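Q: Supplied in C-alpha cells, the structure appears directly below.
The values are calculated or read from the model by the stated rules, or taken from the named source; none is laboratory data. Please read all numbers here as calculations on a predicted model, not as lab measurements. Positions of Cβ are generated from backbone atoms using ideal geometry, with glycine treated the same way; all protein chains shown enter the neighbour counts.
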C-alpha cells in the first residue's frame, strides 16, 4: 500500500509514520529543502531505508505543493491514502502566514491529490474550526461555527471548507483537540496549550512550599489529547472501510476545567496547588467596553505585558480561559470500538509531560546562566573589595572574565588582593578610597570614569556595623552619623556618580549589600539597620524611575557573615554564620538573575510575621534582646566575654543568620 504524507516531520506526522510503516507499504513524504536533516533523522529513528520512506521535494505554499511534473507522473494512480497534516498550529502567528500555510496549503494538497488520483484524502483539521461555539459541537456540524475572528480559527475553518467543497476524491476529516505530549514518553516538540503555564507553576514552586494553599482562576473546559492517541486513532480510522465523508473528533469526551488541569500539573511538578479557584465567568458582569478600556490603560497594559512576557504566556492564550465549546465524539468512539485504542487519563501521565518539559523544553534551559556570560569583558566595581565578602566576590567575578575594580581604605590589603587576582589570571585594578569621606567618593568616581569610561556593575559592599543598644547610645549620636555616612551616603554618591553613564548606555546593574536586619528589625542594630534601610528605600524609588532604561537594582538582605566587621562581638564565634565565599554566592546569583531582592526565607518570614502580627513580633524581638547581652566592646569595657549559654546558642541556631 502506498501513502503520501505532508507534515511528516511535524509532531503528529512523525508519530503517524511508524503506524504506516508497520503496514508494509511505501510512504512518500513531502519534504522542504530545509528539512532534509529532520527527514534523515526520521529514517534513522524508524530504521527505514530510502525504498520505504521516500522524500518528495516540495513546498506547502506552492501550487501542487511544488511537486514536479515528473514526480507527479511517477506517483499517479499509486497513492492509496493521502494524509495532509502540514499546517501552522500556532495562536501567535499573523494571519498572512497562517492563511498561506493552512488555507492555500490545503488547496494545493487537494489539487495534488486530484492529480495523483489518490484513493482517499485524509485531512487533519482541528477543533478550532468550531471557533467559540457556545455549547456542544457535533462531528456532523461545520457551518454552525461562531466567532471565527482569530486568524487560527478562521484559517482552519477555511481549510476544512476547501476539503468539503472542492475535494472530488473520497475524504475523511480528523479534528484533534489540543495535542499534547506522548502519554508514555512525554515527548513534545514545542511549548503549546497547557505548557504555556508550566513556567508560572515552576516559579510558584520556587517561591512557596508545595503544601501552601493558593488561589487561582477556574475557566472553561480544555480538551487535551496525547499525540500517541491521535496518531493511533487516525491510522485505525483511515484504514477502516465505509467511513468516507466522515468527520471524527479526536477529543476527550469528558474534558477537565483549566483549573483542574493546572492542579494536575502542579502536583506533577511539586508546585503548590490552587485550593481555591475563582470562576473567571464571575467577571463577566463588567461591561466588555469597560474591561477593554481598563486593559488599554498604559500602566495596566505595560504591567500585563511584562508579567506575561516573564511567564512566557501569549496574550492570545488568556482569551481562551473561558473556552465555551464541548465536543461530541460518538462517531470516533464507534469507529474505534474493538480496536483497543483508548484515550489515557491525563492524571496517569501528567508527570511524564512535566518531566519532559523540565528536561527539554523549559526556556530557562536555554538561557546562559553562567557568571561568565554576564560579566565577561564587563567592568565591575566592588567597594570594600580588600577583605571579607568583597574580596571573595572579586575573586569569583574576575575568574569569570570581568575587569574588576576594587576599592578600600587599606592600601596594603587592597594591593594584596589585587595581586592575588592578577596572579590567578584575572584583571583587577585597585583604588584607595574612604567612602565615608564625600571628597574621596567623588575622586573615586572621577578616576574610574577617566580610566575606564564607567562601570557596568556597581556592588556597594563596603559597610560599617555597630552592635549597641539605644540605651547605651544616648551620648553617641556620632555612631548614627558615621554609620549613615558610609552605609548610605557613601553608596549614594557612587550610585549618583555612575548612573548617568549607565542611563546613557541603557545598561547597568547596581547591587546593594543590605542586611537581614532590615527585614527582622534586629535589636541593638538601630544605627546599622537604619542606614541599610535608607539605601533599600532609595533603591526601590530609583528602580521605579530607571526600570524602562535597562538599569537594574538588586538589594541583597545578607544574613550574618563571618567577616572582620563582626569580630569585636565574641558571642558570634559560637553562632552559625555564612563564610565570605558563601555570601559571595549571593552576589553571583544577583549578577546572573538580576532580581529586585535576594533574601533568605527566614528574612522574608520575619517581614511577613511583622506585617501580620506586629505585637507578637515585638515580644519575640524583646525576648531576644534580653537573652543576648551587650558586648564588652559596646560597653567600652576591657576584658573577655562570658561564653554563650546553651539557650543562646539554641535560639541563634533556630533563627540562623539573624543579627543578635
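Q: Might you let me know whether segment 430-450 holds any residue that is on the phi > 0 side of the Ramachandran plot and in contact with a helix residue (DSSP H, G or I) (Cβ under 9 Å, 6 or more places away or on another chain)?
A: Checked segment 430-450: no residue is on the phi > 0 side of the Ramachandran plot and in contact with a helix residue (DSSP H, G or I) (Cβ under 9 Å, 6 or more places away or on another chain).
Q: Anything in segment 186-212 that is farther than 23 Å from residue 602 by Cα, out of contact with any helix residue (DSSP H, G or I) (no Cβ under 7 Å at 6 or more places or on another chain) and in contact (Cβ under 8 Å) with a residue 40 or more places away in the chain? List them, or say none.
A: Matches in segment 186-212: 190, 192.
Q: Which one of these is more than 36 Å from the chain's Cα centre (by Cα), more than 26 Å from residue 536 (Cβ to Cβ) and touching a residue at least 12 places away in the same chain (Cβ under 8 Å): 444, 449, 435?
A: 449 is the lone residue from the list that is more than 36 Å from the chain's Cα centre (by Cα), more than 26 Å from residue 536 (Cβ to Cβ) and touching a residue at least 12 places away in the same chain (Cβ under 8 Å).
Q: Write out, first by first residue and then by second, each pair whose Cβ atoms fall under 7 Å of each other, whose residues are 6+ apart or on separate chains, and whose first residue, in segment 605-622, is assigned by TED's automatic domain parsing to the domain that holds residue 557 and without any contact (Cβ under 8 Å) to a residue 24 or more places away in the chain while the second is in a helix (DSSP H, G or I) and surrounded by 11 or more Cβ atoms within 10 Å (Cβ to Cβ).
A: Within 7 Å, the pairs are 609/617.
Q: Something else about it: Just one of 583, 633 is crowded, with 16+ Cβ neighbours inside 10 Å, closer than 27 Å to residue 390 by Cβ and at pLDDT 65 or above; which is it?
A: That would be 583, the only listed residue that is crowded, with 16+ Cβ neighbours inside 10 Å, closer than 27 Å to residue 390 by Cβ and at pLDDT 65 or above.
Q: Does at least one position in segment 171-180 carry a residue that is in a loop (DSSP other than H, G, I, E, B), over 20 Å from the mean Cα position of the chain (by Cα) and under 30 Å from residue 599 (Cα atoms)?
A: no
Yes/no per residue for (1) closer than 25 Å to residue 23 by Cα; (2) buried (at least 21 other Cβ atoms within 10 Å of the Cβ); (3) more than 40 Å from the chain's Cα centre (by Cα):
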| position | (1), (2), (3) |
| --- | --- |
| 36 | yes, no, no |
| 52 | yes, no, yes |
| 70 | no, no, yes |
| 74 | yes, no, yes |
| 85 | yes, yes, no |
| 94 | no, no, no |
| 102 | no, yes, no |
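Q: May I pose another question? Does residue 372 satisfy being touching a residue at least 24 places away in the same chain (Cβ under 8 Å), closer than 30 Å to residue 398 by Cα and in contact with a helix residue (DSSP H, G or I) (Cβ under 9 Å, 6 or more places away or on another chain)?
A: yes
Q: Would a scan of segment 235-248 turn up a residue that is in a helix (DSSP H, G or I), more than 12 Å from residue 329 (Cβ to Cβ) and in contact with a helix residue (DSSP H, G or I) (Cβ under 8 Å, 6 or more places away or on another chain)?
A: Looking for residues that are in a helix (DSSP H, G or I), more than 12 Å from residue 329 (Cβ to Cβ) and in contact with a helix residue (DSSP H, G or I) (Cβ under 8 Å, 6 or more places away or on another chain), one finds at least one in segment 235-248, hence yes.
Q: Taking into account only those residues within segment 129-152 that are at pLDDT 95 or above and assigned to a helix (DSSP H, G or I), which is surrounded by the most Cβ atoms within 10 Å (Cβ to Cβ)?
A: Per the stated criteria, the residue is 130.
Q: Turning to a different aspect of this structure: Return a yes/no flag: does segment 568-576 have any residue that is modelled with pLDDT of 80 or more, surrounded by 14 or more Cβ atoms within 10 Å (Cβ to Cβ) and closer than 24 Å to residue 466 by Cα.
A: Scanning segment 568-576, I find no residue that is modelled with pLDDT of 80 or more, surrounded by 14 or more Cβ atoms within 10 Å (Cβ to Cβ) and closer than 24 Å to residue 466 by Cα, so the answer is no.
Q: Shifting gears a bit: Any residue that is over 24 Å from residue 523 (Cα atoms), in the same structural domain as residue 524 (by TED's automatic domain parsing) and not in a helix (DSSP H, G or I) - is there at least one of those in segment 498-506?
A: yes
Q: So if I check each of 459, 551, which one is in contact (Cβ under 8 Å) with a residue 40 or more places away in the chain, closer than 22 Å to residue 440 by Cα and under 27 Å from the mean Cα position of the chain (by Cα)?
A: From the options 459, 551, the qualifying one is 459.
Q: Still on this structure, I have one more. Within segment 32-51, identify whether any single residue is in contact with a helix residue (DSSP H, G or I) (Cβ under 7 Å, 6 or more places away or on another chain) and modelled with pLDDT of 90 or more, and answer yes or no.
A: no
Q: Kindly indicate whether residue 288 is over 30 Å from residue 227 (Cβ atoms) and either surrounded by 17 or more Cβ atoms within 10 Å (Cβ to Cβ) or modelled with pLDDT under 90 (or both).
A: yes
Q: Going by the structure shown, is residue 410 more than 26 Å from the chain's Cα centre (by Cα) and closer than 30 Å to residue 584 by Cα?
A: yes
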